[in-house]
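What follows is a short report on a single structure.
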């Protein structure tokens, strides 16, 4: 236990002494002169009191300075804490922004891919002829087809009529030929019959 | 050594890469990306031989790593692999018609709608494996040469496959019928007869499809089945992916190309590999969002920012 507190004491004294080499010495000198002043017989020297008061003032001044430095350090610490918090907030918001931007990039890439696909398809579609034109061509062809079939029907009808008329003509001729043949045969029979009668 | 395939773990902290010796190496991304990473953290934490042939394709489900090599598919548990316990959960082989030669599996994709795995194999067919029951559900036949790549359109439940015969076939995954067949090399804008007609990279974004290989890398609108943009990249592209509003493509040439949907090549970021086979973006973890590329070297380049190569992992 004693060793520990000794270490502490030594550490503390080193710390204090490290601050200003004159301070500790000044306090010791003041203490020594005070004890000398107390224990000296007879009237004290004038300058002695003044010197002691001066040393005391110096010590008080030094202490005041240290107190101010301490306060300044505290305030600096607060300042740094503020800046630190600020920077942390900025970092988190930057992280969020990065995540958002990454999502945006993914979306943009998808959109770009879709656009490229449309372009590729559009290129092919352009190569095929216009639908309007094709429809018009189809209509014109239809009309032509209709006209041609009409003509075909008409020609067919004419052909049928002529065929029928020829048929009628030929059958009439045939019948006339038949009748003439029949008449000739009838005449021949009559002629053969009458010479036989005349010969009697 | 060539790295042919990569896959990130479901937690996003590990990368599995498969090479042409049939080995799979597991890298710890959290160690490699941490501020105190050393050269040791760029080496794999685990390397094991998974197959006898090259591992052409790696796919991660939410708890398993599926690897394809030597004509078979093996499943490994991610949690076991992270604990360095190498034991395959199962190994299955699709029913190939000829049992003499074993066709390799070039590409696998997960179809999460019905928890099945779409496998593009060298026997010109697409096999679909049901992961819940462990049986091969169906076989999609139609290609006349081996299949390089498959892709899945989740919304319309369709499977796309591209192969050596130059055709991209669109299959309905429910009926197994081929809905469309696009022969890319027949379109003048995309065709590059000096490279051939094979399709080596295929990826889809619902309405749009990217395909490339022999013909130039081109963006297709699937509804109208017409090519909308052709990208002026030299060399054949082996892997491409849609990322946000850009297209990332890798292939012959020591760079990763960034392209816009309109057909312009925005940037070509150099990497240390002479020719790149695979590219993967880590979307499983928010803090390790990296792009990794592997190709014709034992290094795997890691890009922490898409604009430059940060460092390389080494097999």
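May I have the convex hull volume per residue, in Å³, for the Cα set of region B:12-57? Walk me through the numbers before you get to the answer.
On the way: hull volume 3.0 nm³, N = 46.
Spread over its residues, the Cα hull of region B:12-57 gives 64 Å³ apiece.
If the viscosity is 0.890 mPa s and the temperature 25 °C, what Stokes-Einstein diffusion coefficient in µm²/s follows for region B:174-266 when Rh is the Kirkwood radius over Cα pairs? Kindly include the intermediate steps, with their values, before the conclusion.
Working: Rh = 13.3 Å.
Estimated via Stokes-Einstein, D reaches 184 µm²/s.
Can you give the calculated 222 nm mean residue ellipticity of chain B, where each DSSP H run of n ≥ 4 adds -39,500 (n - 2.57) and the sum is split over every residue, rounded to the nearest 500 deg cm²/dmol?
Values: 2 runs with 10 residues, N = 315.
Result for chain B, helices only: -500 deg cm²/dmol.
Give the Rg (one decimal place) followed by the Dmax (whole number) of region B:128-283, computed from C-alpha coordinates and expressed in Å.
Taking only Cα atoms of region B:128-283, I get Rg and Dmax of 15.5, 45 Å.
I want to verify a result. In a Gaussian network model of chain A, Cα cutoff 10 Å, which of these has the top mean-square fluctuation: A:62, A:149, A:171?
Among A:62, A:149, A:171, the largest mean-square fluctuation in the Gaussian network model of chain A belongs to A:171.
So, R0 is 30 Å and r is the distance between the beta-carbons of residue B:83 and residue B:284; what FRET efficiency does that work out to, to 0.05?
Values: r = 19 Å, r/R0 = 0.63.
Calculated transfer efficiency: 0.95.
Compactness ratio of the protein assembly as shown: Cα Rg over 2.2 N^0.38 Å, N = residue count? Kindly include the intermediate steps, with their values, before the conclusion.
Working: Rg = 48.6 Å, N = 515, 2.2 N^0.38 = 23.6 Å.
Cα-based Rg divided by the globular estimate yields 2.06.
When chain B is treated as a GNM, springs tying every alpha-carbon pair under 10 Å, which of B:286, B:49, B:203 comes out with the largest mean-square fluctuation?
Top of the fluctuation ranking is B:286.
Along each of the three principal axes of the Cα atoms of chain A, give the extent in whole Å, ordering the values from largest to smallest.
On the principal axes, chain A reaches 234, 40, 18 Å in Cα extent.
Give me the one-decimal nm value for the distance between modelled label points at residue A:164 and residue B:298, 7 Å along each residue's Cα-to-Cβ direction.
Placing both labels 7 Å along Cα→Cβ, they lie 10.1 nm apart.
Quick one: check the C-alpha center-to-center distance for region A:151-177 versus region B:57-72, whole angstrom.
That distance is 85 Å.
What distance in nm lies between label points placed 7 Å from Cα along the C-beta direction at residue A:105 and residue A:177?
10.5
Along each of the three principal axes of the Cα atoms of region A:107-200, give the extent in whole Å, ordering the values from largest to smallest.
135, 18, 16
What value, in deg cm²/dmol to 500, does the helix sum -39500 (n - 2.57) over DSSP H runs of n ≥ 4 give at 222 nm once divided by the residues of chain A?
On the way: 4 runs with 188 residues, N = 200.
Theoretical 222 nm ellipticity from helices: -35000 deg cm²/dmol.
For region B:215-315, just the Cα set please: Rg and Dmax, both in angstrom.
My reading of the Cα-based Rg and Dmax gives 13.8, 44 Å.
Once both labels are modelled 7 Å past Cα along the beta-carbon direction, what's the residue B:194-residue A:133 spacing in nm?
Output for this residue pair reads 3.6 nm.
Taking each residue of B:235-248 in turn, how many C-beta atoms of other protein chains fall within 10 Å of its C-beta, and what is the average? Walk me through the numbers on the way to the answer.
On the way: counts 0, 0, 0, 0, 0, 0, 0, 1, 2, 7, 11, 4, 2, 0.
Across B:235-248, the average partner-chain Cβ count within 10 Å equals 2.
Using every alpha carbon pair in chain B, what percent of pairs falls into each 20 Å bin from 0 up to the bin containing the largest distance?
Per 20 Å bin, starting at 0, the Cα pair percentages come out as 34, 60, 6.
I'd like the distance separating the alpha-carbon centroids of region A:55-131 and region B:151-217, in whole Å.
49
With the cut-off at 24 Å, report for region B:47-140 the share of all Cα pairs above it, as a whole percent. Before the final figure, lay out the partial values.
On the way: 723 of 4371 pairs.
It works out to 17 percent of all Cα pairs.
Label 7 Å along Cα→Cβ of residue A:40; region A:53-83 residues with amide nitrogen under 18 Å?
From region A:53-83, the list is A:53-57.
Given Cα pairs under 8 Å that are at least 6 residues apart, what percent is the relative contact order of chain B? Numbers along the way, then the final one.
Numbers: 878 pairs, mean separation 36.9, N = 315.
It comes to 12 percent, rounded to a whole number.
For chain A, with a Gaussian network of springs between Cα atoms less than 10 Å apart, report the residue from A:24, A:188, A:100 with the top mean-square fluctuation.
Most flexible of the set in this elastic network: A:188.
Using packing as a proxy for protection, rank A:55-61, B:194-200 so that the peptide with the highest average count of other Cβ atoms within 10 Å comes first. Each step should come with its number before you reach the end.
Numbers: A:55-61: 13.1, B:194-200: 18.6.
The packing order, highest mean first, is B:194-200, A:55-61.
For residue B:38 and residue B:243 in one chain, what is 0.36 nm times their gap in residues minus the Cα-Cα distance, to one decimal in nm? Write out the running numbers ahead of the final one.
Numbers: separation 205, 0.36 × 205 = 73.80 nm, distance 3.05 nm.
Residue separation times 0.36 nm, minus the Cα-Cα distance, leaves 70.8 nm.
What ranking do B:189, B:292, A:5 get, fewest neighbouring Cβ atoms within 10 angstrom at the top?
On the way: B:189 12, B:292 22, A:5 9.
Exposure proxy ranking, most exposed first: A:5, B:189, B:292.
Throughout, read-outs are computed from the coordinates displayed, never taken from laboratory work. All values reported here derive from a predicted model rather than from experimental measurement. Reconstructed Cβ throughout: ideal geometry from the backbone, glycine too, with neighbour counts over all protein chains shown.
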